[in-house]
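S.K.: Once you've had a glance at the structure underneath, I'll fire off some questions.
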Amino acid sequence: MSVVNLTVTEDEAGIRLDRYFRRHYPHLTQGGLQKLCRTGQIRVDGRRVEASTRLEPGQSVRVPPIPMAAKPARDVPCPLDERLVREIRAMVVYQDQHVIVLNKPAGLAVQGGPGITRHVDMMLDGLREEAEDPRPRLVHRIDRDTSGLLLLARTPGVAAKLAAAFRGRDVKKIYWAVVVGRPDPLSGEIDQPLARLGAGPGAITVAADRKDRDAQMARSAYEVLDSAARRFSWLELSPLTGRTHQLRVHCESLGTPILGDPKYGGETAHPSGFVDQLHLHARMLDMPHPAGGRLTVYAELPAHMRETFRDLGFTAGSTPKSVRRGG
């Protein structure tokens, strides 16, 4: 075995060094990688680096002799039930050679966990165009009970670029919700810190005091688009931070819990006469496209929210088409 010098490809732009090694040498542990970095055996363009260093196209990565690593690992797809392939492909609302955007149905988890046997992550092989293509990667998550837009990257490099856009707050997200009651005022910004209580599936998010050491800053913008006799309102929501269950807890803190919320709002969230499902939908994503310009994508409302809109006299109109500008 000898030293190998790998060249970072365009597709791998922005990827972290540890994820780069996980892709090419999956048997190398994080601790082993950090030791090789610490001792200067792994270098990028001749310089010492840390595991968190982000790579750019054309850079040379020095790889010392690593047992059983003569060839990069192949990302071989697992056989997937044809029903799941049809199901995941039916969710696609936009795709190109860089990204895929899904309209996830309510009730479908994004990733697995205790008691979850069916989720988006297990279906992603069904979105490969060719067997040798990289497996699409989740860029962000939405709640299991929330419907709407879910962004995927076709390659690790694209995933790194999009993740950076999310971290840099360069992605605009709009959600639609039906809430019980009508907020006062009719528009504004919710600046309510949040904290997580418990762990695992039973964990909940709660409003927290600013002085609480576990409190995390959380801000959301909202606007009432329509209301029905002050008893129900259609809200447009924009999360300005990204905390777990942020919009659901912020709506509860306004005194207007989201209709059908199984976790927040108590009995108030479950009036009779409506489909008892969470009425929260990721409606729009506006983001920088990894190849340049910006991409705006919309998702049609799920059936249970369309039914509630009809019952309450809310008119959503037609769903705009996806648009890529510039680039």
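The values are calculated or read from the model by the stated rules, or taken from the named source; none is laboratory data. Everything numeric here is computed off the predicted structure, so don't read it as measured data. For neighbour counting, all protein chains shown are included, and Cβ atoms are generated from backbone atoms with ideal geometry for every residue, glycine included. In case anyone asks, the SASA skips ligands and DNA or RNA and just uses the protein heavy atoms, side chains included. Shrake-Rupley method; radii C 1.70, N 1.55, O 1.52, S 1.80 Å.
S.K.: Suppose we filter Asp261, Asp209, Asp214 for residues that are modelled with pLDDT of 95 or more, charged (D, E, K, R) and either surrounded by fewer than 14 Cβ atoms within 10 Å (Cβ to Cβ) or more than 27 Å from Ala165 (Cβ to Cβ) (or both); which single one remains?
M.R.: Sole residue among the options that is modelled with pLDDT of 95 or more, charged (D, E, K, R) and either surrounded by fewer than 14 Cβ atoms within 10 Å (Cβ to Cβ) or more than 27 Å from Ala165 (Cβ to Cβ) (or both): Asp261.
S.K.: Please enumerate the residues belonging to segment 113-150 that are open to solvent by 10 Å² or more (accessible area, probe 1.4 Å) and under 20 Å from Ala282 (Cα atoms).
M.R.: His119, Asp121, Arg137, Leu138, Val139, His140, Arg141, Ile142, Asp143, Arg144, Asp145
S.K.: Return the only residue of His289, His270, His250 being more than 18 Å from Val178 (Cβ to Cβ) and modelled with pLDDT of 95 or more.
M.R.: One residue alone meets the criteria, His289.
S.K.: Only residues that are crowded, with 19+ Cβ neighbours inside 10 Å and farther than 12 Å from Tyr175 by Cβ: list them for segment 234-249, please.
M.R.: Arg243, His245, Val249, listed by residue number.
S.K.: Quickly run through segment 5-22 and pick out the residues that are under 15 Å from Thr53 (Cα atoms) and in a helix (DSSP H, G or I).
M.R.: Once the filter is applied, which keeps residues that are under 15 Å from Thr53 (Cα atoms) and in a helix (DSSP H, G or I), segment 5-22 yields Glu12, Leu17, Asp18, Arg19, Tyr20, Phe21, Arg22.
S.K.: Scan (1) at pLDDT below 90; (2) open to solvent by less than 70 Å² (accessible area, probe 1.4 Å); (3) touching an Asp or Glu at 6+ places or on another chain (Cβ under 9 Å) for the single condition Tyr25 breaks and write down its number.
M.R.: Looking at each condition in turn, Tyr25 falls short on (3).
S.K.: Let me ask something else about it. If I filter segment 182-195 for residues that are in contact with a His (Cβ under 7 Å, 6 or more places away or on another chain) and of a type outside the set (Gly, Ala, Ser), do I get at least one hit?
M.R.: Checked against the condition, which is being in contact with a His (Cβ under 7 Å, 6 or more places away or on another chain) and of a type outside the set (Gly, Ala, Ser), segment 182-195 yields at least one hit.
S.K.: Please name all residue pairs, on different chains or six or more residues apart, with Cβ atoms under 6 Å, provided the first residue is in segment 1-27 and is within 13 Å of Gly157 (Cα to Cα) and the second residue is in a loop (DSSP other than H, G, I, E, B) and among the hydroxyl-bearing types (Ser, Thr, Tyr).
M.R.: That search, which allows pairs on different chains as well, returns Asp11/Thr155; Arg16/Ser52; Leu17/Thr53.
S.K.: Within segment 97-120, which residues are assigned to a loop (DSSP other than H, G, I, E, B), over 17 Å from Arg135 (Cβ atoms) and either touching a residue at least 60 places away in the same chain (Cβ under 8 Å) or in contact with a helix residue (DSSP H, G or I) (Cβ under 6 Å, 6 or more places away or on another chain) (or both)?
M.R.: Result: Pro105, Ala106, Gly107, Pro114, Gly115.
S.K.: Within segment 28-37, track down each residue that is in contact (Cβ under 8 Å) with a residue 24 or more places away in the chain and in contact with a helix residue (DSSP H, G or I) (Cβ under 8 Å, 6 or more places away or on another chain).
M.R.: Result: Leu28, single match.
S.K.: A follow-up question, please. Pairs only if they're at least six apart or on different chains, beta carbon under 7 angstrom, first in segment 145-161 and in contact (Cβ under 8 Å) with a residue 12 or more places away in the chain and closer than 20 Å to Asp261 by Cα, second open to solvent by less than 10 Å² (accessible area, probe 1.4 Å) and of a type in the set (Asp, Glu); list them, first residue then second.
M.R.: none
S.K.: Just checking, does segment 151-168 include any residue being in a loop (DSSP other than H, G, I, E, B) and open to solvent by 50 Å² or more (accessible area, probe 1.4 Å)?
M.R.: yes
S.K.: Could you count how many residues in segment 145-203 are in contact with an Asp or Glu (Cβ under 8 Å, 6 or more places away or on another chain), of a type in the set (D, E, K, R) and more than 25 Å from Leu108 (Cα to Cα)?
M.R.: So the count comes out to 0.
S.K.: His289 is checked against (1) in contact with a Gly (Cβ under 8 Å, 6 or more places away or on another chain); (2) over 20 Å from Phe314 (Cβ atoms); (3) surrounded by fewer than 19 Cβ atoms within 10 Å (Cβ to Cβ) and fails just one. What number does that condition carry?
M.R.: (3)
S.K.: Mind counting the residues in segment 300-327 that are of a type in the set (Ser, Thr, Tyr), closer than 20 Å to Met91 by Cβ and open to solvent by 90 Å² or more (accessible area, probe 1.4 Å)?
M.R.: Number of matching residues: 1.
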